[in-house]
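Here is the structure we will look at.
Just so you know, all these numbers are worked out from the coordinates, no wet-lab data involved. Quantities reported herein were computed from a predicted structural model and do not represent experimental measurements. For neighbour counting, all protein chains shown are included, and Cβ atoms are generated from backbone atoms with ideal geometry for every residue, glycine included.
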Amino acid sequence: MIFYQVNRLFYKPYAINKLLRYVHNETSVSSNVLYPLRSRGLLKVAGEDASVFLQGLVTNDMKHLEEGARSMYAMFLNNKGRVLYDTIIYKWDKEDSFLIECDRQLISVLQRHLKIYKLKRKVDIKDVNKDYSLFALTSLNAPNISYVLSLMPDHFKPVTDSKINVYKDPRLTELGYRVISYIDVKDSEVAQTVGKDIVSERNEDGYKYLRYKLGVSEGAEDLPPGTSFPLEANCDYLHGVSFHKGCYIGQELTARVHHTGVIRKRIMPLKFNETISKSIERDSVITASNNPKSNLGKLKGVVNNYGLGLIRIKEALDAKILSVGNYSAEAVKPAWWPVEAPKELPKTE
């Protein structure tokens with residue numbers, strides 16, 4: 001549900017106390033930032049069979065959108081259970097109409113993928129990148145108090161304008177909102193419409209840095225099609241997979257891995273001890289600094305002093321200092337990861 005995380009935050013006493021302490025210590029409020037997401041594109045899937053059609057193809061449950069949610073994180077997998085496309089699906093203007101956000105370079109490939117499975121279903125699949133613009137609305141120093149309060153039900157405004165639609169990012173509250181506007185609306189108009197004190201950026205570098213710092217992968221650069229499993233990309237932690245819905249392509253392996261509970265590698269942030277001025281080759285091997293022959297994973301990308309890597313969790317955290325090319329870094333366990341229960345209960349006498 002849309003407000004699940006909001007309710008969880010504001011109705012637990014410890015969370016309220018933590019929030020009040022934060023308010024007491026807060027001396028300034030950071031501005032919100034609007035980033036144009038030109039690396040992301042949109043497909044429109046409409047028709048009376050649209051929801052049922054997508055239900056058999058994505059990792060998440062389309063019923064969430066039928067029950068009131070307006071955005072949903074989901075992945076398309078191949079028949080071997082590997083990620084083809086990471087997406088956010090939006091409930092659009094009509095009952096049987098959805099927008100699918102995906103890496104812009106893969107829009108035409110995703111469109112062909114959908115048409116293969118369309119068969120005789122009453123579904124129309126259209127590239128709408130010439131019609132709409134996509135933005136990310138985040139906080140410079142999330143979470144600040146104005147940002148937290150904006151997530152409360154009384155303050156949440158799903159649609160602010162007939163030509164501008166605002167959606168909560170379904171993955172993490174720290175990622176803020178997605179804004180979809182008609183292509184003829186200027187970026188400055190979008191910023192003025194969605195709220196006060198909005199800083200409008202010219203590119204999405206700052207948003208990418210935020211993602212890397214949080215440890216959230218996105219697009220073909222971070223998740224080359226057919227190379228990673230959804231749980232390695234934290235799809236389960238980011239509310240992007242349902243283990244209760246019916247079958248979908250790649251479901252069998254995903255369910256098996258989940259129920260065995262053995263996920264040794266995940267996408268994690270890498271904090272470098274300096275700002276990376278030169279590019280590091282993608283897929284560079286990550287090793288423990290005290291064991292150059294070890295292979296703990298591969299680098300997916302770097303922005304300033306943060307990188308993203310698909311790495312062996314326990315070994316990387318135990319190693320403390322990692323080596324990536326000629327640079328040193330440390331693996332950071334994201335604060336938003338859930339606390340995993342022990343596999344066995346401790347023995348008692």
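Karplus-based coupling profile of the stretch 222-232, in residue order and whole Hz: 7, 10, x, x, x, 10, 10, 8, x, 6, 5, with θ = phi - 60° in 6.51 cos²θ - 1.76 cosθ + 1.60 and x standing for Gly or Pro.
Taking label positions 7 Å along the Cα-Cβ direction at both E48 and F243, the computed distance is 3.7 nm, reported to one decimal.
Net length available on complete extension from I116 to I183 is 21.2 nm, with 0.36 nm assigned per residue and the Cα-Cα distance removed. When you filter the GluC sites (Glu not before Pro) in the stretch 250-300 for DSSP loop state and at most 13 other Cβ atoms inside 10 Å of their Cβ, you are left with E274, E281. Classified by the C-alpha gyration tensor, the stretch 219-331 has a prolate form. Its axis ratio a/c, with a ≥ b ≥ c, is 1.5 or above, and a/b is larger than b/c.
For the pairs K80/K271; K213/K293; K265/K293; K63/K314; K300/K320; K208/K271, flag any whose C-alpha to C-alpha distance is greater than 24 Å. Cα-Cα > 24 Å for K80/K271; K213/K293; K63/K314; rest within. Compared with the alpha-carbon gap, the fully stretched path from K293 to V332 is longer by 11.9 nm at 0.36 nm per residue. Modelled spin-label separation between E67 and K314, with each label point placed 7 Å from Cα along the Cα-to-Cβ direction: 3.5 nm. Taken along the Cα-to-beta-carbon direction at a fixed 7 Å, the label points for D197 and T275 span 2.5 nm. Computed about the Cα centre, the dipole magnitude for the stretch 190-254 is approximately 200 debye when only Lys and Arg (+1) and Asp and Glu (-1) carry charge, each at its Cβ. Taking each residue as 0.36 nm, the span from V262 to R38 lengthens on full extension beyond its C-alpha to C-alpha distance by 77.0 nm.
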